[in-house]
1. Select, from PRO106, PRO148, the only residue that is under 22 Å from the mean Cα position of the chain (by Cα) and open to solvent by less than 30 Å² (accessible area, probe 1.4 Å).
2. When the residues of the stretch 151-174 are filtered to those that are among the hydrophobic types (A, V, I, L, M, F, W, C) and in a strand (DSSP E or B), which remaining residue is surrounded by the most Cβ atoms within 10 Å (Cβ to Cβ)?
3. Could you check LEU138 against (1) under 27 Å from ARG310 (Cβ atoms); (2) in contact (Cβ under 8 Å) with a residue 12 or more places away in the chain; (3) not aromatic (Phe, Trp, Tyr) and say which number it fails?
4. Can you give me the ranges of the strands (runs of 3 or more DSSP E) entirely in the stretch 209-266 with at least 2 residues that are among the hydroxyl-bearing types (Ser, Thr, Tyr)?
5. Which one is nearest to ALA222 (Cα to Cα) among residues in the stretch 175-192 that are open to solvent by 10 Å² or more (accessible area, probe 1.4 Å) and of a type in the set (S, T, N, Q)?
6. Taking the stretch 109-139, which residues are over 16 Å from GLY32 (Cβ atoms), open to solvent by less than 30 Å² (accessible area, probe 1.4 Å) and in a strand (DSSP E or B)?
7. In the stretch 212-229, which residues are polar (S, T, N, Q) and open to solvent by less than 100 Å² (accessible area, probe 1.4 Å)?
Amino acid sequence: MKNKKTVYYLSLIPIVFILGLFVWFFMIIFEGESPRLTIEPLPEFISKKQEFVVKAVDPERGIRAIRVSYTHGGKEETVLDETFPFHGFFNARGTHDYETEFTIDPQTLRLAQGSMDIRIQAWDYSRKNGGDGNTTVLTHSLVVDTMPPTMRPLSQIHYVNQGGAGLVVYRASLDTIESGVYVNEIFFRGYPASDDPKNENYTAYFAVPYNITDNPSISLWAKDKAENTINTAFSCHVKRKQFENDNMNITDSFLKNVLPYFFDEIDSAASDIDNYIRINRETRIKDNALINDLMKDVTHIKLWEGTWVRLK
C-alpha cells in the first residue's frame, strides 16, 4: 500500500512541475502591468516653440511602440511614432526604458488661437487583450495663445532729470500678469491703479541712472499668462545733468570716528586708511547689491499718505 502511494505521489511531481511552468509562462506572456508614461513640462499655455520630454518605462515585457499626437481645431497630427523590435528571450534585451524629446512650434505650424490636446500612447509586448498588449494613454490639455497683451500710455509727456525719477500711467489688457518700465536693462515694476479686478490702468515709478553716457532706451513692457511680451515706447525726455566733483580731505580723526561703525568689516592687521579704502570700495558694492535685491520684492500697497513735498 505504501509503495502504491509513493508511486502515486512521485507521478504527480512532473505534472505539478509542468502545471507550475505553464502558470509561470502564462503570467509572463500575459502580464497585465501597463507601461508608465510621463511628460514634462505641463504648461497651461503655448505661445512659442516648446520642447517636451516623454519617458516610457515597462520593466516586464518591454515597450513595443509609442506614439505622440496633438489635436487642434478638430484635426489630429502625429509628431512622434516609434516601434521597438523584440530582442532576446522574453524580450530581455528589448527596450524597457525610453526617453525622447519633441517640439511643438505654434508659429511654424501656423496654429490658430484655441485649445490643444497632446496625446501620448504606449504599448508593451504582453499578449494580453487579444495580443494587443497593455496600453497606457496620457493626455494634456493646453491653450495656444500667440497674441501679446496690449498696452498704451495714458500720461502724456514725461520729463525726467538724469539721476532723477518719473511716473508713468498706462493701460494694459486684462490678460497682463506683469508689466512696468524698462530703462535700458533696468526693470521697474508697475502696479494696478486700483483694487478693481477689471481695472486696466497701471502706474509705474522709474528712475534714470545718474551715470548714463548715452540717451537711455525707455519703454513700457508687459507679459501675459502665455508669456507673450510687448514693448511700447512712450514720450519721455531725459534732461542731461552735469554733476560736480569735489576732493575731500580725510583726516586721521575722521577715520577713527567713522571706522568703528563698520566693526564687522575691520581688518585689525590693516591700517585705518587701508580699511577705509576697502570698505569704501568693496562694502559699498555689496550694500548696493543687497539694496537692489531688496527692491525686487516690493508691494503694490501705497506706503505713504498725502502729497510729496519738494526737497529744498
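1. When all the criteria are applied, what remains is PRO106.
2. It comes out as ALA172.
3. (1)
4. So the answer is 229-233.
5. Top of the filtered list is THR176.
6. Within the stretch 109-139, GLY114, MET116, ILE118, ILE120, GLN121 qualify.
7. SER217, SER219, ASN228, THR229
A quick yes/no check of all residues on (1) at pLDDT below 85; (2) over 30 Å from HIS140 (Cα atoms); (3) open to solvent by less than 100 Å² (accessible area, probe 1.4 Å):
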{"residue": "LYS2", "(1), (2), (3)": "yes, yes, no"}
{"residue": "VAL16", "(1), (2), (3)": "yes, yes, yes"}
{"residue": "PHE30", "(1), (2), (3)": "yes, no, yes"}
{"residue": "VAL54", "(1), (2), (3)": "no, no, yes"}
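The values are calculated or read from the model by the stated rules, or taken from the named source; none is laboratory data. Quick caveat, the model's predicted, so the values are computed rather than measured. Cβ coordinates were reconstructed from backbone atoms using ideal geometry, including for glycine residues, and neighbour counts include every protein chain displayed. Heavy atoms of the whole protein, side chains included, go into the accessibility calculation; ligands, DNA and RNA do not. Shrake-Rupley method; radii C 1.70, N 1.55, O 1.52, S 1.80 Å.
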